[in-house]
1. Roughly what would the spin-label model give for Arg52 and Arg32, points 7 Å off Cα along C-beta, in nm?
2. Given R₀ = 35 Å, what would the calculated FRET efficiency be for Thr43 paired with Met81, taking r from the Cβ atoms and rounding to 0.05?
3. Using only alpha-carbon positions, what ratio does the radius of gyration of the range 42-110 give when scaled by 2.2 N^0.38 Å?
4. Taking H placed 1.01 Å from N in the peptide plane, check which residues at least 5 places from Gly125 or on another chain put their amide H under 5 Å from its amide H.
5. Based only on other Cβ atoms within 10 Å, what is the fewest-to-most ordering of Arg152, Arg145?
6. What FRET efficiency comes out for Ser92 versus Ala163 if R0 is 25 angstrom and r is the Cβ-Cβ distance? Round to the nearest 0.05.
7. Quickly estimate the mean residue ellipticity at 222 nm for the chain, helices only: each DSSP H run with n ≥ 4 gives -39500 (n - 2.57), and the total goes over all residues, rounded to 500.
8. Sort all Cα-Cα distances of the range 1-61 into consecutive 5 angstrom bins from zero, then give the percent of pairs in each bin up to the one containing the longest distance.
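Values quoted throughout were computed directly from the atomic coordinates according to the rules given, and no laboratory measurement underlies them. Computed from a predicted structure; not experimentally measured. Reconstructed Cβ throughout: ideal geometry from the backbone, glycine too, with neighbour counts over all protein chains shown.
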Amino acid sequence: MRLILSILMLLASIAGFAVFIVPHYNTISTLRAQEADYQTVLTNARKLKEQRNALVKKYNSFDQNKLGQLATMLPTNPENMKLILSLQSVASQYGMVLQNVKIEDPTSDPAAQNKPGSQGNSELGTLTINFSVAGSYASFTNFVRTIEKSLRVIEIQKVSFSASDPKSQNYQYSVAVKTYWLK
C-alpha cells in the first residue's frame, strides 16, 4: 500500500509539474524573449536619441547668417516674385527697367520633360525667367556682373540685343535666366 501510495504521489507530482509548471515556464521563456527584443529596441532608441541630439547640437552651432545665405542661394520654393523684384532692383541701380517679364514653368512643357538629362536631380526644381532691359552696354555689363555676384544661383542662358536707334548708345537686351530651388 505504501508503494502504491508512493507511486501515486510521484505520478501526481509529475502531472502537477506537467500541468502547472511547464506552461508557466513556457510563458516565462516567451516573456524573456520579448524582454530581450524590447531591450534591443530601447537601446536603438537611445542611440537614435544621442545621434539626434548630436545633430541638433551641430545644427545649432552653425552661424545663423550663413544658414540665411544658404536659404537665399537655394530657396525651398521658386520665389519667382522675389527674384523678379531683385532683378528689377539691380536693373534700377544702373538706370534700366525690367520689361516683358515671362516666367516659364518647365513642368508645363512636355518637350522639356522628354529631353535627355532633364530628369537630372529630382530634388531640384528649375525656373526660367525671360525679360528685357534697355540701356547702354556699360550699364548692361554692370547689371550682369551684379547678377553674377548675387547669392541666389542664377544662370544666364541667353542674351540677345538690338539697337532701337543706330545713332543711340542704348540697346534693347533680351535675357533668359534660369534659377534653381529645392523641391
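1. 3.3 nm
2. 0.10
3. Cα-based Rg divided by the globular estimate yields 1.89.
4. Trp181, Leu182, Lys183
5. Going from sparsest to densest Cβ surroundings: Arg145, Arg152.
6. 0.65
7. Roughly -17000 deg cm²/dmol at 222 nm, from the helical runs in the chain.
8. Spelled out per bin, shortest first, that is 4, 14, 10, 10, 8, 8, 8, 6, 7, 5, 5, 4, 4, 3, 2, 1, 1, 0.
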